[in-house]
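Asks: This is the structure, below, for whatever I ask next.
Every number here is computed from the coordinates shown, using simple stated rules; none is lab data. Source: prediction; values computed, not measured. FYI the Cβ positions are ideal-geometry reconstructions off the backbone, even for glycines, and counts take in every protein chain you see.
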């Protein structure tokens, strides 16, 4: 499991740093970029409490963000949508997800080791069927997460 987390973190950091610059140069060429590489220990990021059964750690770069949600069995993230692509990797546990596929509302069970990708503005909802660790990547950065207040839909989480 730790190797999977490290691989995903490596892929995400390549996304954040970018494989090519706007001038289409190799990332190894000096393009006088002002961008800085950030390094930190993920587990030292303070936990945000969303509700009694949901906590998260998250960070963001210039173009995207990563969050890990820790959900107790029975936890619920209400129906919502956002203008960001969301890649969800269930590291541990199992969730039931309600979303729209082929224009129809559907329920999908996503278990440890599985991934689901929500395009921008596609509504979705989560129920933890057991204790779950969920790694989410959003591109671009979720602007509604940048304030001290939780977005309205997260305030309704159980």
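Asks: Cα centroids of region 53-120 and region 129-153: how far apart, whole angstrom?
Replies: 9 Å
Asks: Same structure, new question: Per q in 0.11, 0.12, 0.13, 0.22 1/Å, what log10 I(q)/I(0) does a Debye calculation on the alpha-carbon atoms of region 42-155 return?
Replies: These q points yield log10 I(q)/I(0) values of -0.32, -0.38, -0.45, -1.46.
Asks: Going by average Cβ neighbours within 10 Å, how do the peptides 138-149, 85-96, 100-111 rank, with the highest at the top?
Replies: Working: 138-149: 13.7, 85-96: 18.9, 100-111: 10.9.
Highest-to-lowest ranking by the protection proxy: 85-96, 138-149, 100-111.
Asks: OK, next. Separation between the residue 143 and residue 122 pseudo-spin-labels, each 7 Å from Cα along Cα→Cβ, expressed in nm?
Replies: Going from the residue 143 label point to the residue 122 one covers 2.3 nm.
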